[in-house]
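First up is the structure itself, then whatever we jot down about it.
The values are calculated or read from the model by the stated rules, or taken from the named source; none is laboratory data. The structure displayed is predicted, hence computed values, not measured ones. Methodologically, a virtual Cβ is constructed for each residue, glycine included, from the backbone with ideal geometry; neighbour enumeration extends over all protein chains shown.
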Amino acid sequence: MDLLIKNAGLRKKDGAWDIAITDGKIERIENEIAGEAAETIDAGGNLVTESFVNAHLHLDKVYTLMMMSDDALKDYHEGDMGKAMTAIESAASIKDNYDEKWILPNVRRAVKLAALNGTTHIRALADVDTKARLEGVKALIKAREEFKGVVELQVVAFPQDGVAREPGAAELVREAMELGADVVGGIPWIEYTDADEQDHIDKMVDLAVEFDKNVSMLVDDAGDPGLRTLEMLALKTIEKGWEGRVLAHHARAMCLYPEPYFMKLVALLKKARLGVVSDPHTGPLHAKVKEMIAEDALVCLGQDDVSDAYYPYGRNNMLEVAFLNSHLLWMTTREDMEKLYDMITIDVATAMGIADFEMKVGNEANLVVLQDVNVLEAFRNHQEVKYLISHGKLVDLEAFRD
């Protein structure tokens, strides 16, 4: 054995368990494992689970809040989110000064926090347009290589200001994919017309198919019940045979949809195997998370922002995200808490297309040893993890402290 975890508490199982890891994979999970290991750690009865996964983080924007006014924050957080587009336009001012030289140190700070808080996979968005150019993408690709093997970054080339509205953005997204970005992004709802929304989706999904990449799109992120880009995206996913490779973000307008349309939409999402990542803590509206769960649709949680124009707080801590959303979604029973935990581990891994992630024999060992004995205490305290195992290797967390 390369690594042996002793005296682990497991979710929904009684007693203490040992976990043997060899060649990066979980070899055995038993009550008692004898034999030699290159390294042994004692969980002391604390909970051991899959590591955390963050499907939505604007990583190029972290810690930029103090570089701009509060105008975007105010507009985005108004009660009905009627000024969400105005907020995005205000927030774009930061990109006039985009430079990899200051973006990369901010990114490193945020990714180090992710490791300390037990996150091993992040889908990281970087703005791509005529203002941001490819500065954010370049910074995130460098960070991806620096943190490889500990925190895996999926870099998203994200045309934040639109495609039809921003001439040249589509070409820059293509350049970003050629440069090495991992995921094609999109934000179709920001376009002015239905035709432009469809064109945005078509161009970005077609590009993903061309490069054989997954897709992440921010859809219907405003208080307008007439927004329908999530439906458009699902239909395009099915048309191109890209089922299971597309992730929708936000879908806040969903909370305003009438029940018959919502049920039709959920059926379409399930047919497209299209997951939704929701971030209720970063805006006053959010997708119908509990209703999607009740219909067995794929939904998960993301951090979204860390101290930028859209959200002033954030520690890149998925336990904190789940804690906040336990309140906002009123998911407070023990069954609810277990589901919330799935939404920051196995459900989100599925949504991001991460294979063999669940803590099972034969799967890759991406694990955390918490400082708490159960999910309730983990959410109550949302503190740093005791140990982090990434790709079967024990991470030296002290190396990630500034």
Response to the item:
Residue set VAL368, VAL373; condition closer than 15 Å to THR119 by Cβ and either in the same structural domain as ALA110 (by TED's automatic domain parsing) or of a type in the set (Val, Ile, Thr) (or both); output residue VAL368
Discussion item. Just checking, does the range 183-190 include any residue being assigned by TED's automatic domain parsing to the domain that holds HIS121 and surrounded by fewer than 21 Cβ atoms within 10 Å (Cβ to Cβ)?
Written reply: no
Practice prompt. Only residues that are under 30 Å from ALA351 (Cα atoms) and of a type in the set (Lys, Arg): list them for the range 56-96, please.
Written response: LYS61, LYS83, LYS95
Worksheet entry | Selection count, the range 223-237, where residues are touching a Lys or Arg at 6+ places or on another chain (Cβ under 9 Å) and within 9 Å of LEU274 (Cβ to Cβ) | 2
Worksheet entry | Residue match in the range 362-375 (condition: among the polar types (S, T, N, Q), farther than 30 Å from VAL184 by Cα and assigned to a helix (DSSP H, G or I)) | no
Worksheet item: Out of all the residues in the range 325-341, is one or more assigned to a loop (DSSP other than H, G, I, E, B) and in contact with a strand residue (DSSP E or B) (Cβ under 8 Å, 6 or more places away or on another chain)?
Response: no
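Of the residues VAL361, VAL373, VAL306, VAL321, only one is buried (at least 20 other Cβ atoms within 10 Å of the Cβ), aliphatic (A, V, I, L, M) and touching a strand residue (DSSP E or B) at 6+ places or on another chain (Cβ under 6 Å); which?
VAL321
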Discussion item. Please go through the range 238-249 and give me each residue that is touching a residue at least 40 places away in the same chain (Cβ under 8 Å) and within 18 Å of ALA124 (Cβ to Cβ), ordered by number.
Written reply: ARG245, VAL246, LEU247, HIS249
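Among LEU65, LEU59, LEU47, which is the only one that is touching a Pro at 6+ places or on another chain (Cβ under 6 Å) and not hydroxyl-bearing (Ser, Thr, Tyr)?
Just one listed residue meets the conditions, LEU65.
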Item to complete: Keeping to the range 210-236, report how many residues are over 23 Å from the mean Cα position of the chain (by Cα) and at positive phi.
Response: 0
Discussion item. Please go through the range 86-109 and give me each residue that is within 16 Å of LYS74 (Cβ to Cβ) and surrounded by fewer than 18 Cβ atoms within 10 Å (Cβ to Cβ), ordered by number.
Written reply: THR86, GLU89, SER93
Worksheet item: Is it the case that ASP396 is in the same structural domain as PHE147 (by TED's automatic domain parsing) and of a type outside the set (Lys, Arg)?
Response: no
Practice prompt. Take the range 207-220 and flag every residue that is touching a Ser or Thr at 6+ places or on another chain (Cβ under 9 Å) and part of a loop (DSSP other than H, G, I, E, B).
Written response: ASP220
Discussion item. From the list VAL368, VAL361, VAL385, VAL373, exactly one residue is at pLDDT 95 or above, within 18 Å of the chain's Cα centre (by Cα) and of a type in the set (A, V, I, L, M). Which is it?
Written reply: VAL368
Discussion item. Can you find, within the range 191-217, the residue that is surrounded by the most Cβ atoms within 10 Å (Cβ to Cβ) among those that are without any contact (Cβ under 8 Å) to a residue 40 or more places away in the chain and within 24 Å of ALA349 (Cβ to Cβ)?
Written reply: MET217
Fill in: Residues that are in a loop (DSSP other than H, G, I, E, B) and over 26 Å from ASP2 (Cβ atoms), drawn from the range 346-361
GLY353
